[in-house]
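These notes concern the structure reproduced below.
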Amino acid sequence: SKLAALFEHPLYNVPVPEVTEKDKLFVVNPMEKFSLHSSGSDEWVSSSKAEALLPTGKTAYDTYPTWLKFHIGINRYELYPRRDPLLPALLRDLATQRIVSSVQKSGGTQLKLIMTFPNYGQALFKPMKQTRDQETPIDFFYFSDFERHNAEIAAFHLDRILDFRRIPPVSGRLVNITKEIRDITTDKKLAKTFFISPAGNVCFYGECSYYCSTEHALCGKPDRLEGSMAALLPDKTLAKRRSWRSPWRRSYHKSKKAEWELNPNYCAQVRETPPYDRGHRLLDFIDMAILDFLMGNMDRHHYETFEKFGNDTFLLHLDNGRGFGTHSRDEPSILAPLQQCCSIKKSTYLRLQLLATEPYRLSDVLREALAADPLAPVLAEPHLQALDRRLGKVLLAVRHCLAR
């Protein structure tokens with residue numbers, strides 16, 4: 001296994017700083033236990049309300065559902081640890097747990113659903129909109145591109161392979177539109193958009209600002225539909241997040257260019273602007289730009305951080321559905337932060353160099369990681385090969401910086 005060998009490599013075993021109480025997103029009361037109702041229901045309740053006693057010898061933490069353990073594990077330095085024993089169980093839950101509720105997520109340009117499980121865990125469901133081998137048409141603007149369910153799955157695994165660990169876990173899942181969406185939704189607006197197509201398939205389209213119409217309906221075969229299930233982050237009422245506008249945001253206009261596209265010295269003014277004027281924020285942003293270039297994502301207009309940790313923390317790489325749309329062409333402008341600032345974390349650079357070598361080739365390790373997903377193959381082969389080509393271009397950009 002190339003993937004196992006990669007994660008055993010010394011570059012993937014650099015210790016994380018010691019995590020103190022103030023570095024944790026949540027400080028948990030170790031005496032608070034959770035247990036199942038003895039009535040046989042699947043619901044988790046605080047043990048003070050539970051009728052069933054815990055088996056002897058179990059710690060309170062052992063009683064928590066996997067999604068809650070994931071939330072408790074978040075700290076200043078990482079969303080989840082490198083060798084996280086929870087990860088396989090959490091991915092399995094996302095793929096297999098019974099769905100008890102599905103409602104449309106408000107906001108955003110395209111249709112997404114919030115799925116709830118019996119143990120109160122929740123996932124963000126993005127349905128399949130195009131096949132693996134369809135490319136984004138060359139005349140499409142980046143802001144009118146489809147969001148792809150398989151891009152969300154591949155982005156999670158790529159982010160982990162790059163050792164960023166800033167994307168919440170995502171699994172593919174085959175959903176029954178009738179039983180797992182239509183029959184259980186309490187969302188009246190969503191319920192009104194279901195219909196049976198002329199081919200006899202169950203379809204729906206929801207309400208949103210893009211692609212929510214009968215012409216862009218999501219149809220099952222006859223009621224089975226692929227989608228990505230992303231573990232939701234803690235509710236914002238419990239863990240506030242701050243949204244930051246990207247300094248290299250695109251204009252989102254059909255003919256205007258952004259300032260960074262016109263000013264080759266743009267990075268100099270970013271370096272003088274908080275929070276990029278100190279700490280590792282700019283370097284973290286360049287990490288994100290490299291991730292976006294590798295998957296061809298032009299749609300990074302904002303990013304988020306957990307408010308509790310201030311400016312000294314990692315960036316959340318959320319909403320990656322517009323990645324992996326094209327494999328036959330690369331978008332060099334995504335690398336502008338790296339090229340204009342000529343800065344990169346040494347650890348990131350060393351790992352990128354490692355992933356360009358035969359024993360740890362990026363396409364091979366990502367292919368292996370994606371093979372375990374329920375919807376495998378997640379990416380068409382040309383997308384995997386494009387990753388190796390793009391990685392070469394990232395390393396070339398660093399070499400140009402070094403020469404300068």
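The values are calculated or read from the model by the stated rules, or taken from the named source; none is laboratory data. Please read all numbers here as calculations on a predicted model, not as lab measurements. Neighbour counts are summed over all protein chains in view; Cβ atoms, including those assigned to glycine, are modelled from backbone coordinates with ideal geometry. Surface areas here come from the heavy atoms of the whole protein model, side chains and all, with no ligands, DNA or RNA. Shrake-Rupley method; radii C 1.70, N 1.55, O 1.52, S 1.80 Å.
For residue 294, indicate whether it is farther than 18 Å from residue 243 by Cβ, assigned by the TED database to the domain that holds residue 325 and surrounded by fewer than 19 Cβ atoms within 10 Å (Cβ to Cβ). Break it down stepwise before answering.
Details: farther than 18 Å from residue 243 by Cβ: yes; assigned by the TED database to the domain that holds residue 325: yes; surrounded by fewer than 19 Cβ atoms within 10 Å (Cβ to Cβ): no.
For residue 294, the condition - farther than 18 Å from residue 243 by Cβ, assigned by the TED database to the domain that holds residue 325 and surrounded by fewer than 19 Cβ atoms within 10 Å (Cβ to Cβ) - is not met.
Reported count of residues in segment 219-250, each being farther than 26 Å from residue 306 by Cα and either over 23 Å from the mean Cα position of the chain (by Cα) or in a loop (DSSP other than H, G, I, E, B) (or both), is 6.
All but one of (1) assigned by the TED database to the domain that holds residue 395; (2) within 19 Å of residue 313 (Cα to Cα); (3) of a type outside the set (Asp, Glu) hold for residue 253; which doesn't? In the conditions (1) assigned by the TED database to the domain that holds residue 395; (2) within 19 Å of residue 313 (Cα to Cα); (3) of a type outside the set (Asp, Glu), residue 253 misses (2) alone. Is it fair to say residue 361 is open to solvent by less than 10 Å² (accessible area, probe 1.4 Å), on the phi < 0 side of the Ramachandran plot and of a type in the set (Lys, Arg)? It is false that residue 361 is open to solvent by less than 10 Å² (accessible area, probe 1.4 Å), on the phi < 0 side of the Ramachandran plot and of a type in the set (Lys, Arg). Looking only at segment 167-196, residues that are open to solvent by 20 Å² or more (accessible area, probe 1.4 Å) and assigned to a loop (DSSP other than H, G, I, E, B) come to 7 in all. Scanning segment 339-351 for residues that are buried (at least 19 other Cβ atoms within 10 Å of the Cβ), of a type outside the set (Val, Ile, Thr) and within 22 Å of residue 12 (Cβ to Cβ) turns up just one, 351.
Scan segment 71-88 for residues that are within 19 Å of residue 7 (Cα to Cα) and aliphatic (A, V, I, L, M) and jot them down.
We begin by selecting, within segment 71-88, every residue within 19 Å of residue 7 (Cα to Cα); these are 77-88.
Result: 79, 86, 87.
Take the residues in segment 387-404 that are modelled with pLDDT of 95 or more and basic (Lys, Arg); name whichever of them is farthest from residue 341 (Cα to Cα). For segment 387-404, the residue satisfying everything is 389.
Yes/no matrix, rows are residues, columns are (1) within 24 Å of the chain's Cα centre (by Cα); (2) among the hydrophobic types (A, V, I, L, M, F, W, C); (3) part of a loop (DSSP other than H, G, I, E, B):
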residue: 264; (1), (2), (3): no, no, yes
residue: 267; (1), (2), (3): no, yes, no
residue: 275; (1), (2), (3): yes, no, yes
residue: 278; (1), (2), (3): no, no, yes
residue: 285; (1), (2), (3): yes, yes, no
residue: 292; (1), (2), (3): yes, no, no
residue: 297; (1), (2), (3): yes, no, yes
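When 219, 212 are screened for being closer than 27 Å to residue 96 by Cα and either hydrophobic (A, V, I, L, M, F, W, C) or open to solvent by less than 50 Å² (accessible area, probe 1.4 Å) (or both), only 219 passes. Restricted to segment 240-258, and to residues there that are small (Gly, Ala, Ser) and at pLDDT 95 or above, the residue that is least open to solvent (accessible area, probe 1.4 Å) is 246.
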